[in-house]
Amino acid sequence: MTTASDGPSSAPHELDLDEQIAIYQREYPEVDPQVEKVVTALGRLNRRMTVGYGRHLSAVGISSAEWEVLKALVLVGRPYRLGPGDLAKRLGLTPAAMTHRIDRMVADGLVTRDRDETNRVRVIVELTDEGRSKWLQTMRMASAFEDDLLQDLSPDERSQLGEMLSRLLRRVEAAQPDAGGRLQDLD
């Protein structure tokens, strides 16, 4: 929403939470303002964090898609290896999309793709030293970003917030167990 003093080239600004909720209440009086404040704040926070993480990833020289693969490989532990099908399932991708992503990452030296020595039909994707280095560099940047994000919360508040958000996440995951990856209906 721009004002006359902003001029035509000014970008619209987002209403503050209370203004937005007041409009919701005006247009839909049954809305619960407490619920709307929580979910709207979470949505905005998620969007801004996604932008912030994207900037850090760009500075390191990887995409968010590559970050997801690196993270999945690190999470399985040493020797940081998975089959492309397992990676695709973990990331909610089609096998074709996973193949395309792995192709780019092999070309960038972040992962290798080789035949499994014990089963020559099976392909294994493995994190390289360069991939692990990029992952660690990104983790350092993300940790600083996250510390800054939470600087106004005491350790007890951080713990309480973590517990409350975990409860919300468990409820959503129980109600929508298939919503962990990218779904066709969201593309």
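Kindly state which helices (runs of 4 or more DSSP H) lie completely within region 34-150 and contain at least 2 residues that are in contact (Cβ under 8 Å) with a residue 60 or more places away in the chain.
Result: 64-75, 84-91, 129-149.
Of all the residues that make up region 47-74, how many are open to solvent by less than 20 Å² (accessible area, probe 1.4 Å), of a type outside the set (Val, Ile, Thr) and closer than 14 Å to Leu93 by Cβ?
Selection size over region 47-74: 2.
State all residues of region 24-37 that are surrounded by 11 or more Cβ atoms within 10 Å (Cβ to Cβ) and either modelled with pLDDT of 95 or more or not aliphatic (A, V, I, L, M) (or both); if no residue qualifies, say none.
Scanning region 24-37 gives Tyr24, Gln25, Asp32, Pro33, Glu36, Lys37.
Among the candidates Ala22, Ala88, Ala41, Ala65, single out the residue that is under 23 Å from Ser133 (Cβ atoms) and among the aliphatic types (A, V, I, L, M).
Criteria check complete, one pass: Ala65.
Go through the residues of region 110-127 one by one and say whether even a single one is of a type in the set (S, T, N, Q), surrounded by fewer than 12 Cβ atoms within 10 Å (Cβ to Cβ) and either touching a His at 6+ places or on another chain (Cβ under 9 Å) or closer than 21 Å to Gly54 by Cβ (or both).
No - not one qualifying residue is present in region 110-127.
Please go through (1) open to solvent by less than 20 Å² (accessible area, probe 1.4 Å); (2) of a type in the set (A, V, I, L, M, F, W, C); (3) farther than 24 Å from Met141 by Cβ for Leu93 and return the number of the only condition it doesn't satisfy.
(1)
Considering only region 106-114, I want to know if a residue exists there that is within 17 Å of the chain's Cα centre (by Cα) and modelled with pLDDT of 95 or more.
The answer is no, given that none of the residues of region 106-114 is within 17 Å of the chain's Cα centre (by Cα) and modelled with pLDDT of 95 or more.
Exactly one condition in (1) at pLDDT below 90; (2) open to solvent by 30 Å² or more (accessible area, probe 1.4 Å) is false for Gly7; which is it?
(2)
The values are calculated or read from the model by the stated rules, or taken from the named source; none is laboratory data. If you're wondering where the values come from, they're calculated on a predicted model, not measured in any experiment. Counting neighbours? That spans all protein chains shown, and the Cβs are built from the backbone with ideal geometry, glycine included. These area figures cover heavy atoms from the full protein model, side chains too; ligands, DNA and RNA do not enter into them. Shrake-Rupley method; radii C 1.70, N 1.55, O 1.52, S 1.80 Å.
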